[in-house]
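Please read the structure below before turning to the comments.
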Amino acid sequence: MIPKGLSSEQPVLIAGPTASGKSALALEIATTQGGVIVNADALQVYANWRVLSARPSAAEEAICAHALYGHVPYDAPYSAGHWLRDVAPWIEGRERAIIVGGTGLNFAALTEGLAEIPPTPDDIRQSADRIRAHSGSHADLLDDLDREDPKTAGRIDRLNPMRVQRAWEVLRATGKGLADWQDDTPPPLLPVETCYPIVMDADRDWLAARIERRFDTMLAAGALDEVRANLADWDPSRPSSKAIGAPELVAYLRNEMTLDEAREAAIIATRQYAKRQRTWFRARMGGYHKISLPAA
């Protein structure tokens, strides 16, 4: 599946929806041409999720060098800004970087630059959490943005609760809209024209079947035990708790739903996430080399 014309000297970007085979392609490139596989997925950075975040296995990590997998404690905040600082040494290192993941914001930060927005104070984040908990959705936060910062409201992914909350927090913390911060962005660390960018363009039904099979594989590989190990200190507001499947399996372990119900809910949530990913990639990665799946 290695694209023709891919030089062994070029950094590689591999983006695509969950379960589309990004990690397998990265491993094939690394073992064939050399390079270090660098994670760009927002959940695979967390130490407490190997199975549920579909991190490379220990056997795969032994085949070639991997970086930025499982290096962040479960209770630590971790943003695109954190990731951009962590990835910089691998971009500048001697080995060719093969950067792979499904978090579009990380790729945008890397290739387009990222504004240096001050950290959000805990009290503002807690206020946003309370608003979402009270309403049961991010609708009230979005209403505030529509009224107070329409420029940002028109630019962000309005269906993504975390993106909406982040924009609301930035406005409250700095008095300046996220869109205005983004417009004052410094130069990118890795301009897209200096690397070989790939995006996996997966057929919806093909991907849906893979998502279902993969979740069953996760369950067989110990996902439930992994969630059980996180249960005593479970906090749904933590970034690490956004791992798809974790809230559903927590609900099962708390006798709030059956395992079949938890499995179905997790699969549906993963498919919805994949749909948002595909929409984002098609809108923002038109210049990437497209690999259509399934292959003809």
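Numbers for the structure displayed
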quantity	calculated
Scope region 1-35; condition β-branched (Val, Ile, Thr), crowded, with 19+ Cβ neighbours inside 10 Å and over 23 Å from ARG210 (Cα atoms); matching residues	VAL12
Output for region 77-115, where each listed residue is outside any helix (DSSP H, G or I) and either touching a strand residue (DSSP E or B) at 6+ places or on another chain (Cβ under 9 Å) or more than 27 Å from PRO17 (Cα to Cα) (or both)	TYR78, GLY93, ARG94, GLU95, ARG96, ALA97, ILE98, ILE99, VAL100, GLY101, GLY102, THR103
Verdict on LEU159 being in contact (Cβ under 8 Å) with a residue 12 or more places away in the chain, part of a loop (DSSP other than H, G, I, E, B), touching a helix residue (DSSP H, G or I) at 6+ places or on another chain (Cβ under 8 Å) and buried (at least 19 other Cβ atoms within 10 Å of the Cβ)	no
From the options GLU95, GLU61, residue that is in contact (Cβ under 8 Å) with a residue 60 or more places away in the chain, surrounded by fewer than 18 Cβ atoms within 10 Å (Cβ to Cβ) and of a type in the set (D, E, K, R)	GLU95
Residue in region 167-197 that is nearest to the chain's Cα centre (by Cα), counting only those that are surrounded by 15 or more Cβ atoms within 10 Å (Cβ to Cβ) and acidic (Asp, Glu)	GLU169
Residues of region 251-276 satisfying the condition of being hydroxyl-bearing (Ser, Thr, Tyr) and part of a helix (DSSP H, G or I)	TYR252, THR270, TYR273
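Read the figures in this text as sums done on the coordinates, not as results from a lab. Predicted model, so just to flag it, every value in this text is computed and none were measured. Positions of Cβ are generated from backbone atoms using ideal geometry, with glycine treated the same way; all protein chains shown enter the neighbour counts.
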